[in-house]
Amino acid sequence: MTEAMEGGLPLSKRYEGSLCEIKSLTNEALACGYIYEISDQYIKLGNHNDIINILRYNTKVKLCVHNVKLGLKVLVGSVYVSTTQFMLISDAASLTDFEKRDFFRIRVSIKGHIMLPAPNHDTPIHCDVEIYDMSLGGILLSSHVRFEVGDRFQIDLDLPAGPLTLQCAVRRISTEGFDPSNDESQSTIYKCGCQLLNCTSKEEDLLWKYILHLQREEILKQKRMLSS
């Protein structure tokens, strides 16, 4: 019997006490807490250190449950009861691996440095890029350098947890416009959707910790706006 099917539960009871991020189906950060109880009827969430944002009855949400020993679990469910002290999520079910990777998508604004191998073993092309969207499966970036679909490159990132080097492949390209800050010429800005290739567990762990860090900051920002 698999862990997800343990006693008919949506999630193993060993995840009780784990950190849980609550998001909308459009990936908006809604709340953050810990799993208090897992039963065949609901998953109970709470937070001893802070109040929980109240959500409407039957709101569809995504749950990101993380446990250092057991690993990551992502589920979808419906809000059954919601108060400032706790929340009950019913009809919880696991996401597929593909949906899980897309779930971890958030807007960012960080710099990256790319090394693109040149044809015929010439000197590699180096350039700085702006990353404005990130998930466990890929990144969206803007650059003055024109890429081609299928190009593969190495990108270096400087995350709070430390430097990270990733291998990427360009999957789609669009033209954004011109950069008004470029005094020499109207330089075209290219937007590239890139897939991450062969990420190790350590690389994915650094990425997901960074994404969760940004999600928590967004939740705190929303709470400050509501209380002001």
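The values are calculated or read from the model by the stated rules, or taken from the named source; none is laboratory data. The structure presented is a predicted model; accordingly, all values stated were derived computationally and were not measured. Cβ: placed from backbone, ideal geometry, glycine included. Neighbour counts: every protein chain shown.
Residues that are under 16 Å from the mean Cα position of the chain (by Cα): which strands (runs of 3 or more DSSP E) entirely in the range 118-168 hold 3 or more of them?
125-134, 138-143
Does the range 33-53 hold any residues that are farther than 12 Å from residue 85 by Cα and in a strand (DSSP E or B), and which are they? Give the derivation first.
Step one: filter the range 33-53 for residues farther than 12 Å from residue 85 by Cα, giving 35, 37-43.
Residues satisfying the conditions are 35, 37, 38, 43.
Counting just the residues of the range 54-98 that are part of a strand (DSSP E or B) and among the charged types (D, E, K, R), which one comes out surrounded by the fewest Cβ atoms within 10 Å (Cβ to Cβ)?
Here the residue is 60.
If I filter the range 72-103 down to residues being small (Gly, Ala, Ser) and modelled with pLDDT of 85 or more, which single residue comes out as farthest from residue 196 (Cα to Cα)? Working first, answer last.
Going through the range 72-103, the residues small (Gly, Ala, Ser) turn out to be 77-78, 82, 90, 92-94.
Now drop any that are not modelled with pLDDT of 85 or more, which leaves 77-78, 82, 90, 92-93.
On the way: 77: 28, 78: 31, 82: 37, 90: 34, 92: 29, 93: 27 Å.
Per the criteria, the residue is 82.
Condition check ((1) in contact with a Cys (Cβ under 7 Å, 6 or more places away or on another chain); (2) modelled with pLDDT of 85 or more; (3) surrounded by 14 or more Cβ atoms within 10 Å (Cβ to Cβ)) across all residues:
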residue	(1), (2), (3)
175	no, no, no
178	no, no, no
192	no, yes, yes
195	yes, yes, yes
204	no, no, yes
208	no, no, yes
214	no, no, yes
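Considering only residues that are of a type in the set (Asp, Glu) and under 18 Å from residue 105 (Cα atoms), which ones fall in the range 124-157?
If the condition is that a residue be of a type in the set (Asp, Glu) and under 18 Å from residue 105 (Cα atoms), then 130, 133 are the ones that fit.
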